[in-house]
Amino acid sequence: MIEKVYETPSARERTTVLWVSRHSPLRAQIRELERRLGPVAVYQLSGVIPSAEYVVQKAEELRAKYVVPVLPLSFIAVLVEQAKRAQFVVLFAKMKLLAVLRTAEEAKKLVAEAPEGRVYERSADGSYRVFEFERFERLIEVRLVTEPL
């Protein structure tokens, strides 16, 4: 499902950004996109994402100039490869791990100190990780380097 989640008010022309995540962008992320790109229209693609090619198709349909994926690395690698052909730029939202906490209450309290730029998530081990948005980075290349075991 694609839904418009933000549009810079009172702008005639806006740069289209496709946000691919089950989580909406933070207010600090929207502000940074506007600071870097000017007026923006941010569309969120969420739900089941069957393939990276599906994301490319949706970006092309929207004529998105930027795609911000929160997806498996294999999907992101394909997006980066397809970006030049499809004429969009892949951005990475760099998040800093602030704390690993034992309870949701602790995590909520830390997020409440800066709610526009922080978020928490529950980890598989039952702990809560609090992250803070730092900046966007342009993804140029995704490489997987291995060696024999």
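The values are calculated or read from the model by the stated rules, or taken from the named source; none is laboratory data. Please read all numbers here as calculations on a predicted model, not as lab measurements. No Cβ is skipped: glycine too gets one built from the backbone with ideal geometry, and neighbour counts run over all protein chains shown.
Quick notes on this one:
- Of the criteria (1) at pLDDT 95 or above; (2) among the β-branched types (V, I, T); (3) not in a strand (DSSP E or B), which one V48 fails: (1)
- Among residues that are buried (at least 17 other Cβ atoms within 10 Å of the Cβ) and not assigned by TED's automatic domain parsing to the domain that holds E121, Y54 is not included.
- Total residues in the stretch 131-146 satisfying the condition of being of a type in the set (D, E, K, R), in a loop (DSSP other than H, G, I, E, B) and free of Cβ contacts under 8 Å to residues at least 40 places away in the same chain: the figure is 1.
- Here V56 passes the criteria (1) at pLDDT 95 or above; (2) over 10 Å from the mean Cα position of the chain (by Cα); (3) over 19 Å from V142 (Cβ atoms) except the one numbered (3).
- Every residue from the stretch 1-40 that is among the aliphatic types (A, V, I, L, M), part of a strand (DSSP E or B) and surrounded by fewer than 18 Cβ atoms within 10 Å (Cβ to Cβ): I2, V5
- Of all the residues in the stretch 124-149, those that are exposed (fewer than 11 other Cβ atoms within 10 Å of the Cβ) and at negative phi number 11.
- Of the strands (runs of 3 or more DSSP E) lying entirely inside the stretch 64-130, those containing at least 1 residues that are over 19 Å from S21 (Cα atoms) and touching a strand residue (DSSP E or B) at 6+ places or on another chain (Cβ under 7 Å) are 89-101.
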